[in-house]
Structure formats: structure tokens, C-alpha cells
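Undergrad: Structure provided below as C-alpha cells; questions to follow.
The values are calculated or read from the model by the stated rules, or taken from the named source; none is laboratory data. These figures come from a predicted structure and were not determined experimentally. Note that we place each Cβ from the backbone using ideal geometry, even for glycine, and neighbour counts take in every protein chain shown.
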Amino acid sequence: MPRAKKTSPPTPKAVRTSAPTATNGNGHSVEIIDLEMEIRTRAYELYAQRGFSPGDERHDWLVAEQEVKAKHATAGA
């Protein structure tokens, strides 16, 4: 009887390398940021760094959220 292969969890959908843009009321192009997707992707990276061991999903999310929000806060300053 063949053995079942051990698989890793699926990876999240790829994050765009360049953010989509929109035009604001003044005719200027502004970047649209999908914070949730960035947080989700970073949380998955943290999960992978831990060797895909379960049990710390909430911690991964909170750390990812803090990192992403800090990155965008300094970028806008």
C-alpha cells in the first residue's frame, strides 16, 4: 500500500508587487493598500518560520498586524 505524502499547508495568494492606484478628488494618483492581505501574508510567513507548528496563530496575526501598521505609519510620515 503506498504511503501518503506529507504536505505543507497551502501558501496564501500572491501579494501584488505594485499596489493598485486610484485618483483622488484633486486628480492625483494615490496608492490603494490592502492592509489585511499584507497582515495575512506576514502572519503566514511567521507561521512558516515556526515550522508550521499549530497553536500560535493569534500571536502570529498580532505580530504581523503590528509590523505592517508600523511600516505604513513610518512610510506616511
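Undergrad: Can you tell me which residue among His72, His59 is modelled with pLDDT of 95 or more and out of contact with any Asp or Glu (no Cβ under 8 Å at 6 or more places or on another chain)?
TA: Going through His72, His59 in turn, just one is modelled with pLDDT of 95 or more and out of contact with any Asp or Glu (no Cβ under 8 Å at 6 or more places or on another chain): His59.
Undergrad: Now for a separate question. Cβ-Cβ under 7 Å, sequence separation 6+ or interchain: first residue in segment 49-77 and within 19 Å of Met37 (Cα to Cα) and free of Cβ contacts under 8 Å to residues at least 60 places away in the same chain, partner exposed (fewer than 10 other Cβ atoms within 10 Å of the Cβ) and among the β-branched types (Val, Ile, Thr). Which pairs?
TA: Partner pairs satisfying both residue conditions: none exist.
Undergrad: Tell me whether segment 13-25 contains one or more residues that are under 15 Å from Lys71 (Cβ atoms), modelled with pLDDT under 90 and touching an Asp or Glu at 6+ places or on another chain (Cβ under 9 Å).
TA: Scanning segment 13-25, I find at least one residue that is under 15 Å from Lys71 (Cβ atoms), modelled with pLDDT under 90 and touching an Asp or Glu at 6+ places or on another chain (Cβ under 9 Å), so the answer is yes.
Undergrad: Mind checking which residues of segment 35-53 are under 20 Å from Ala75 (Cα atoms) and hydroxyl-bearing (Ser, Thr, Tyr)?
TA: Thr41, the sole residue that qualifies.
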